[in-house]
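Participant: Have a look at this one before I ask anything.
The values are calculated or read from the model by the stated rules, or taken from the named source; none is laboratory data. Nothing here was measured: the structure is a model prediction, and the numbers come from that model. A quick note on method: Cβ atoms are made from the backbone with ideal geometry, for glycine too, and the neighbour counts reach across all protein chains shown. Keep in mind that these areas ignore ligands, DNA and RNA; they rest on the heavy atoms of the full protein, side chains included. Shrake-Rupley method; radii C 1.70, N 1.55, O 1.52, S 1.80 Å.
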Amino acid sequence: MKHQTAYITIMRPANLVTSVADVLAGVAISGYFLTTDFDIEHLVPILLLCIATLGLYSGGVIFNDVFDVEKDRKERPGRPIPSGAISQKDAAVFGGICFTIGIIAAASVNLTSLVLALLILIAALTYDKWSKHLTVMGPINMGLCRGLNLLLGVSIFSRTPEIWWLVIAVIPIVYIASLTIINSRKGNDKSKSSLYLAAFLYAFVIACILFIANAKGFFLMTILFVIPFYLMIFTPLFKAVDNPVGENIDKSVKAGVIALILLNAAWASAFGIWYIALLIVLLLPLSLWLSKTFTVS
């Protein structure tokens, strides 16, 4: 049982829920729900894309731990690999299986989904092995993984992306970059300047959501999702600004990761798909519950 729990832990289950929210938001943005009926035939591609993102995200976080094993032995010895619950080799095999499942599921939808899944795999491994150690490229690379994940949902319609899709894909890059910036500075004088930068990027993300929602004619609806999103990310960030110690930084990052669910709900509502926005919000309690048992960062 302990061995099985270790395999679940290394997948970051609370984070996995947010990846499904990415895909559902992408599907809503694509207009798929406006042009199809809710029958089994049309729900299958959505299910396949959800399986794809679960496999790809799991593979990404697993290989992150595989590549970080020496560092984790010193700084986070309780993690599955350094603690001995899973061997480094077994973790790598497990991560490869997850990636394979993700690729196969995406390929079962269409060619565009397959290409995006391969790009996500490349971006994830690039971050895990190399770019996360770089000040500028690390945050951008991590955000790119999320942006591509959102487009994975959009790819349910295999056609040339509209400008809205491309703009929205950039927003996760900005948002995740802000989280990476927060997480990279702990307990020193430089922390506050970094946290102020993250706050500015947060505000930019919210402004973009509301701008697009207003352009689409769903501003008031979207506000209902933006307000809890604002409270969830800024409340712990303000505490971290007042006292930039490790504990407060960690809480801010954890809240920011889980708040991706509310960000995705806001995107769905900005395009008028309010029922999918509500469905995405229902993932929030599940992610919060999982975060109490399993690590997020």
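Participant: Where the centroid of each part is defined by its Cα atoms, how far is region 1-77 from region 212-246 in Å?
Facilitator: About 24 Å separates the Cα centre of region 1-77 from the one of region 212-246.
Participant: How much length, in nm to one decimal, is gained on full extension between Leu278 and Leu111, taken as 0.36 nm per residue of separation minus their Cα-Cα distance?
Facilitator: Working: separation 167, 0.36 × 167 = 60.12 nm, distance 2.96 nm.
Result for the pair: 57.2 nm of gain on full extension.
Participant: If you put +1 on each Lys and Arg Cβ and -1 on each Asp and Glu Cβ, how big is the dipole of region 52-129 around its Cα centre, in Debye rounded to 20?
Facilitator: Working: 7 positive and 7 negative charges, 18 e Å.
Here region 52-129 has a charge dipole of around 80 debye.
Participant: Leaving ligands, DNA and RNA out of it, rank Thr293, Thr180 by accessible area with a 1.4 Å probe, largest first.
Facilitator: Values: Thr293 100, Thr180 30 Å².
If we order Thr293, Thr180 from most to least accessible, we get Thr293, Thr180.
Participant: Let me ask you something else. Among Leu283, Leu152, Leu262, whose mean-square fluctuation peaks in a Gaussian network model of the chain (Cα, cutoff 10 Å)?
Facilitator: Per the Cα network of the chain with a 10 Å cutoff, Leu283 tops the list.
Participant: Oh, and also: Select from Pro228, Phe294, Asn264 the residue farthest towards the positive end of the dipole of the chain; place +1 on Cβ of Lys and Arg, -1 on Cβ of Asp and Glu, and compute about the Cα centre.
Facilitator: Phe294
Participant: Same structure again: Can you tell me the FRET efficiency between Arg76 and Ala207 if r is taken as the Cβ-Cβ distance and R0 is 30 Å, rounded to the nearest 0.05?
Facilitator: 0.25
Participant: To the nearest 0.05, what FRET efficiency results for Thr5 and Thr235 with a Förster distance of 25 Å applied to their C-beta separation? Before the final figure, lay out the partial values.
Facilitator: On the way: r = 31 Å, r/R0 = 1.25.
Given R0 = 25 Å and the Cβ-Cβ separation, E is 0.20.
Participant: Take Val44 and Val245, extend 7 Å from each Cα along the Cα→Cβ direction, and tell me the distance between the two endpoints in nm.
Facilitator: Each label point lies 7 Å from its Cα, and together they span 5.6 nm.
Participant: If the only charges are +1 at each Lys and Arg Cβ and -1 at each Asp and Glu Cβ, what is the size of the charge dipole of the chain around the Cα centre, to the nearest 20 debye? Don't jump to the answer; show the numbers that get you there.
Facilitator: Values: 21 positive and 16 negative charges, 164 e Å.
Roughly 780 debye, rounded to the nearest 20.
Participant: Something else now. Can you order the peptides 59-68, 41-50 by their average number of other Cβ atoms within 10 Å per residue, highest first? Could the numbers behind the result be given before it?
Facilitator: Details: 59-68: 22.6, 41-50: 16.7.
Highest to lowest by the protection proxy: 59-68, 41-50.
Participant: Springs between alpha-carbon pairs under 10 angstrom, Gaussian network model over the chain: which of Cys145, Cys208, Cys98 fluctuates most?
Facilitator: Cys208
Participant: To continue, here is another question. Run the simple label-point estimate for Ser83 and Thr100 please: 7 Å along Cα→C-beta, distance reported in nm.
Facilitator: Once both label points are built, they end up 2.7 nm from each other.
Participant: Quick one: grab Rg to one decimal and Dmax as a whole number for the chain, Cα atoms only, in Å.
Facilitator: Spelled out, the Cα radius of gyration and Dmax of the chain are 18.4, 56 Å.
Participant: Oh, and also: Arg79: accessible area at probe 1.4 Å, nearest 10 Å²?
Facilitator: Arg79 exposes around 30 Å² with every protein chain in place.
Participant: Which helices pass in the chain if a helix is a full DSSP H run, must span at least 30 angstrom along its long axis by Cα, and must have mean Kyte-Doolittle hydropathy not below 1.6?
Facilitator: On the way: long enough: 40-67 (40 Å, 1.57); 163-183 (31 Å, 2.17); 189-216 (42 Å, 1.10); 219-242 (33 Å, 1.81).
Length and hydropathy pass: 163-183, 219-242.
Participant: Work from the charge dipole of the chain (Cβ charges, +1 for Lys and Arg, -1 for Asp and Glu, about the Cα centre) and give the residue of Leu210, Ser252, Ile140 farthest towards its positive end.
Facilitator: Going by the charge dipole, the pick is Ser252.
Participant: Can you work out the PRE-style zone for Leu288? Point 7 Å along Cα to Cβ, and I want the residues of region 235-252 with backbone N under 17 Å.
Facilitator: 235-237, 251-252, by backbone N distance to the label point.
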